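Below: the structure, in structure tokens.
The values are calculated or read from the model by the stated rules, or taken from the named source; none is laboratory data. As the structure is a prediction and not an experimental result, all values here were calculated from the model. Ideal geometry is used to build each Cβ from the backbone, glycine not excepted, and the neighbour counts take in all protein chains shown. Heads up: the accessible areas ignore ligands, DNA and RNA and are worked out on the full protein's heavy atoms, side chains in. Shrake-Rupley method; radii C 1.70, N 1.55, O 1.52, S 1.80 Å.
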Amino acid sequence: MTRLLSEGGPDSVALLLVGDELLLGTVSDTNGAWMAATLRERGWRVVETRVVPDDAARIASAVVDLARRAAVVITSGGLGPTSDDLTREALADACGSPLVVDERAAASIAGWYRSRGRAPGEAAQRMSLRPAAAELLVNPHGSAPGLRVELDTSTVYAVPGVPSELRSMVS
């Protein structure tokens with residue numbers, strides 16, 4: 001199947017920052033500026049940066065819209081263990097793919113918690129869910145794995161919002 005180029009061209013990237021805390025100003029966005037500068041240095045053209053709340057429908061809608069505008073979409077945030085971490089569910093909705101347990105992710109998450117003398121609870125086990133159509137991305141500095149999925153003419157990458165984790169995965 002031939003993929004058509006997105007509106008923004010093959011070097012275009014859109015950033016989607018997820019979190020109520022960003023919209024409310026209780027946390028300053030350092031991720032968007034860092035990603036834009038880093039991507040620009042590597043020859044990418046950032047065509048849009050968008051901030052959305054912790055709302056699965058709003059995240060999914062933004063992903064679908066941005067995937068029409070850019071060859072690559074990078075989402076940050078919403079992959080952790082808490083009930084307001086909804087990016088994985090939103091990606092499943094956006095690509096029409098059910099959530100499945102990724103056994104490799106479950107083992108990695110359990111190992112991450114064990115190495116810190118803790119057991120992963122039910123909330124932490126949510127992080128092992130991924131859309132069936134998505135590929136798991138290893139997070140070398142944290143417990144929440146990232147995701148990669150093809151959506152229409154775009155490749156969507158979802159990475160955690162924790163700056164040190166985001167930076168290691170984007171780099």
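Pairwise inverse Cα distances across the stretch 1-135, averaged and inverted, put the Kirkwood hydrodynamic radius at 16.1 Å. Helices that extend 18 Å or more along their long axis by alpha-carbon positions and average at least 0.5 on the Kyte-Doolittle scale are, among the DSSP H runs of the chain, 56-69.
Largest GNM mean-square fluctuation across VAL73, VAL47, VAL63, computed for the chain with C-alpha springs under 10 Å, falls on VAL47. Accessible area per residue for the chain in Å², computed with a 1.4 Å probe and the full protein assembly in place, what is it? Roughly 48 Å² per residue, with all protein chains present.
Quick one: check the C-alpha center-to-center distance for the stretch 124-155 versus the stretch 20-89, whole angstrom. The distance from the Cα centre of the stretch 124-155 to that of the stretch 20-89 comes to 14 Å. Candidates THR49, LEU151, THR38 compared by Cα position along the dipole of the chain: farthest toward the positive end lies THR38, with charges placed on Cβ. Considering only PRO10, ALA70, SER97, the residue lying farthest towards the positive end of the dipole of the chain is PRO10, judged by Cα position with unit charges set on Cβ. Farthest toward the positive end of the dipole of the stretch 1-114, out of SER83, TRP112, THR26, is the Cα of TRP112, where the dipole comes from beta carbon charges about the Cα centre.
Its Cα centre serving as origin, the chain has a Cβ charge dipole (Lys and Arg +1, Asp and Glu -1) of approximately 500 debye.
If you build a Gaussian network model of the chain, linking Cα atoms that sit under 10 Å apart, which residue out of LEU16, LEU137, LEU79 swings the most? Checking each option, the largest mean-square fluctuation is seen for LEU137. Springs between Cα atoms under 10 Å define the GNM used for the chain, and in it the highest mean-square fluctuation of THR38, THR87, THR26 occurs at THR26. Of the trypsin sites (Lys or Arg not before Pro) found in the stretch 26-96, the ones in coil according to DSSP and having at most 13 other Cβ atoms within 10 Å of their Cβ are ARG42. Summing charges over neighbours of ALA134, with a neighbour being any other residue whose Cβ is under 11 Å away from its Cβ, gives 0 when K and R count +1 and D and E count -1.
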